[in-house]
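What follows is a set of notes on a single structure, which appears directly below.
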Amino acid sequence: MKNTKQPEINKLSELSIEELTKEEKKRSAAHITFCIIMGILIAACIYVTIKKGFNGITPLPLAFFPLYLIIRNSWQNARKEIRSRKLD
C-alpha cells in the first residue's frame, strides 16, 4: 500500500507562496462547502429518523465522515506549509 500523504506534502513544498495561498483558499472553500453539505445531511437524517424511524439514510453522515477528515487534513496541511514559510 502506498503512502498517499507524502506526495501532497511534496507538492505543497514545491509551490510558491502565492500559489500556496491560492491552494489554501481553494481547500478552505472545499472544507466550508463540505461542512455546509454535511450539516444539511445531518439535519435531514435527524428529521427523517424522527418522522419515519431508523432507515437507510440515517447512517449516511457516518459514511461521509472519513471524507470530511481527508478534506480537513488537506486544508490543514496547506495552512501548516504557509505558516512554516512565514516563520522562516
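Just so it is clear, none of the values below were taken in a lab; they were calculated from the coordinates. Not measured: the values here are computed from a predicted model. Virtual Cβ from ideal backbone geometry, glycine too; neighbours counted across all protein chains shown.
Karplus-derived 3J(HN,Hα) values for the range 23-30, using 6.51 cos²θ - 1.76 cosθ + 1.60 with θ = phi - 60°, are 5, 5, 5, 5, 5, 5, 5, 5 Hz; glycine and proline are entered as x. If you fit an axis through the alpha-carbon atoms of helix 5-14 and take the longest principal axis of the Cα set of the chain, what angle between them do you get, 0 to 90°, nearest 10? Around 40 degrees separate the two axes. Using only side-chain charges placed at the Cβ, +1 for Lys and Arg and -1 for Asp and Glu, the dipole size of the chain relative to its Cα centre rounds to 240 debye. Across the range 24-82, counting alpha-carbon atoms alone, Rg and Dmax equal 14.2, 47 Å.
Only one residue of T21, I71, L87 has its Cα farthest out toward the positive end of the dipole of the chain, where Lys and Arg carry +1 and Asp and Glu -1 on Cβ, and that residue is I71. The angle between the Cα long axis of helix 60-87 and the main principal axis of the chain comes to about 20°, on a 0 to 90 degree scale.
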